[in-house]
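The structure under discussion appears below in the form of structure tokens.
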């Protein structure tokens, strides 16, 4: 074992967020970005658009199920306003951007592109609808943790469920 210090991560912290998500996710991501002295990138993934094909030079062509793009614009604005509110007193450099497609794949692609030092996501909200969505599409946090070479921080959104607590679908 050596006593050499570990290199300080140089890439940004990427926080994958959705509209209406607890601000705790963005605040935790900002805390880690501040500790590392790196930028925070708050990312919303628009699942109504998907990658149709990618040119060899890296340009991504997309298709959309939301023809006007109104839902995507509204979601991005919601995420931006939530970030402004959550990060008002944090002394960290940050920005918001929107990616497209499958959330886990889009976050992995962006993390590779930016050389991210950490990915931060929240747990899903409790409820039957969210449980069904996760069953059909899979957990973004689980998919990232199994397919990603960089650290993934999963931040609980709700109060934790105790061992004796009844789950929402029980």
Quiz item: Across region 68-98, what is the total count of residues that are closer than 11 Å to residue 26 by Cβ and in contact with a helix residue (DSSP H, G or I) (Cβ under 8 Å, 6 or more places away or on another chain)?
Solution: 8
Practice problem: Please note which strands (runs of 3 or more DSSP E) are completely contained in region 1-74 and include at least 3 residues that are loosely packed, with under 13 Cβ neighbours inside 10 Å and at pLDDT below 95. | Solution: 49-54
Practice problem: Considering only region 102-116, state which residues are buried (at least 20 other Cβ atoms within 10 Å of the Cβ) and either in contact (Cβ under 8 Å) with a residue 60 or more places away in the chain or not in a helix (DSSP H, G or I) (or both). | Solution: 103, 106, 107, 111, 116
Quiz item: What residue, of 85, 134, 130, 99, is surrounded by fewer than 19 Cβ atoms within 10 Å (Cβ to Cβ) and either at pLDDT 90 or above or more than 16 Å from residue 21 (Cα to Cα) (or both)?
Solution: 85
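The values are calculated or read from the model by the stated rules, or taken from the named source; none is laboratory data. These figures come from a predicted structure and were not determined experimentally. Cβ: placed from backbone, ideal geometry, glycine included. Neighbour counts: every protein chain shown.
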